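All remarks here apply to the structure that follows.
The values are calculated or read from the model by the stated rules, or taken from the named source; none is laboratory data. Since this is a predicted model, take the numbers as computed values, not measurements. No Cβ is skipped: glycine too gets one built from the backbone with ideal geometry, and neighbour counts run over all protein chains shown. These area figures cover heavy atoms from the full protein model, side chains too; ligands, DNA and RNA do not enter into them. Shrake-Rupley method; radii C 1.70, N 1.55, O 1.52, S 1.80 Å.
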Amino acid sequence: MSVFTPVSEAELSDWLRAYTLGPLRELKGILAGIDNSNFFVTTEGDRSGNWPDQTHFVLTLFENLKAEQLPYNLELMEFLSQQGLPSPAPIRDRNGQYLGELNGKPAALVVRLDGDWTERPNVAQCAQVGGLLARMHLAGQAYPQQRENTHGNAWRIRTAIAVSRFLTPAEQGLMENEVALQATFDRSELPTGAIHADLFRDNILFVGDTVSGVIDFYFACTDLLLYDVAITVNDWCMGNDYRFDTARLQAFLQHYHATRPFTAAEAEAWPMMLRAAALRFWLSRLYDYFLPRPAEMNQPKDPRHFHRILAQHVRETPPLPV
């Protein structure tokens, strides 16, 4: 979450007239994240009785996704919320639409969920996230829409070419090898469904040690469930030495496996999925760091973090429990 497209209070007040949420009380840009423009929005409250308890929202202006791509993401959030999962429901306007346009960008409001994200997750929190991700995957397999992963093989090749001039020869060698391996890896036997694809620590909210929300579904797509697990543990269970914290990793995987058991094919593919997940965020962070878009508020993340994680996964990976 960042601010690439600024929004004034006057512009938002005018836009909010399409909703029954009351007048604007406060607008605040959100710095965290890197892909869309995001704002905390507080209103005076709905006086029609449709949303009597809702006055706190998150406004997103979509910088890369087109309006025709967004129903997959927004309807997935609504679908998961209806399944009892802590996903923020999108807000529909007076005409029943949840997607509009603001300052030339597709824009949507969602309910702002309670809680805060944790920078240093403990074992209990990792266990909760593992179980939650498994429930999301099971529910998501019944989601009828399909959307190709925009950060798949073609994106990896294109991005690797764009950033290669910023790398050392050793880094270039590692990247080229991993991109080639991922392009030829057989994924045909692995379970697929709707995945979050970006379930980092700042996208899970807690009240105490209890998960209260899952946010930022705008990379969500139809892809391998195991790939989503790998993305998540690469952030939630990684130690300071770029090796997994064994206790956190085991808690996560055991609670996931208890809800959606891993298959034998997934156990065999586990090392390659961990590498694919690390490669994806090494590439995207390299691109955002060296080839950034203009932004009013932005804080690019250090790409070396995922370079080191990928290099460690190439050396060794722990087995997946089956």
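Computed over region 98-139, the convex hull of the alpha-carbon atoms projects to a mean area of 5.1 nm². Restricting the calculation to Cα atoms, every distinct pair contributes to the Kirkwood radius of region 214-315, found to be 14.9 Å. Of the GluC sites (Glu not before Pro) found in region 148-190, the ones in coil according to DSSP and having at most 16 other Cβ atoms within 10 Å of their Cβ are E148, E189.
Sorted by packing (mean other beta-carbon atoms within 10 Å per residue), highest first, where do 305-314, 80-89 land?
Details: 305-314: 20.1, 80-89: 17.5.
Highest-to-lowest ranking by the protection proxy: 305-314, 80-89.
Heavy-atom accessible surface of the chain, averaged per residue, reaches 45 Å², computed with a 1.4 Å probe.
For D93, the amide hydrogen comes within under 5 Å of the amide hydrogens of Y98, counting only partners 5 or more places away or on other chains and with H modelled in the peptide plane.
Among [x] 54, 41, 38; [y] 59, 45, 34; [z] 60, 49, 36, only one was calculated for this model; which label is it, if the read-out is Cα extents along the principal axes in Å? This structure yields the entry labelled [y]. For K66, a cut-off of 16 angstrom between C-alpha atoms picks up these lysines, skipping any fewer than 8 places away in its own chain: K105.
Ranked by the mean number of other Cβ atoms within 10 Å of their residues, highest first, the peptides 163-170, 37-44 come out as 37-44, 163-170.
Name the helices (complete DSSP H segments) of the chain with a Cα length along the long axis of 30 Å or more and a Kyte-Doolittle mean of at least 0.0, or state none.
Working: long enough: 264-290 (40 Å, 0.24).
Helices passing the filter in the chain: 264-290.
Computed on the chain, with alpha-carbon pairs under 8 angstrom and 6+ residues apart, the relative contact order is 19 percent.
Each of the peptides 98-104, 218-224 was scored by the mean count of other Cβ atoms within 10 Å over its residues; in descending order, highest first, they stand as 218-224, 98-104.
Any chance you could list the semi-axes, whole Å, largest first, of the equivalent ellipsoid that the Cα gyration tensor gives for region 66-179, using √(5λ)?
Values: eigenvalues 209, 108, 48 Å².
After diagonalising the Cα gyration tensor, the semi-axes are 32, 23, 15 Å.
Considering only alpha-carbon pairs that sit under 8 angstrom and 6 or more positions apart, the relative contact order computed for region 52-124 is 38 percent.
Taking label points 7 Å from Cα along the Cα-to-Cβ direction, A170 and E44 give a separation of 6.3 nm.
Once you order the gyration tensor axes a ≥ b ≥ c over the Cα atoms, which shape class does region 150-293 get: rounded for a/c under 1.5, otherwise prolate or oblate by comparing a/b with b/c?
Numbers: a/c = 1.69, a/b = 1.39, b/c = 1.22.
It comes out prolate by the Cα gyration axes.
Which net charge results when you count Lys and Arg as +1 and Asp and Glu as -1 among the other residues whose beta-carbon is under 10 Å from that of D216? Could the numbers behind the result be given before it?
Numbers: positive: none; negative: D35, D198, D202.
Result for the neighbourhood of D216: -3.
Fully extending the segment from Q69 to L291 would add 77.5 nm, taking 0.36 nm per residue of separation and subtracting the current Cα-Cα distance.
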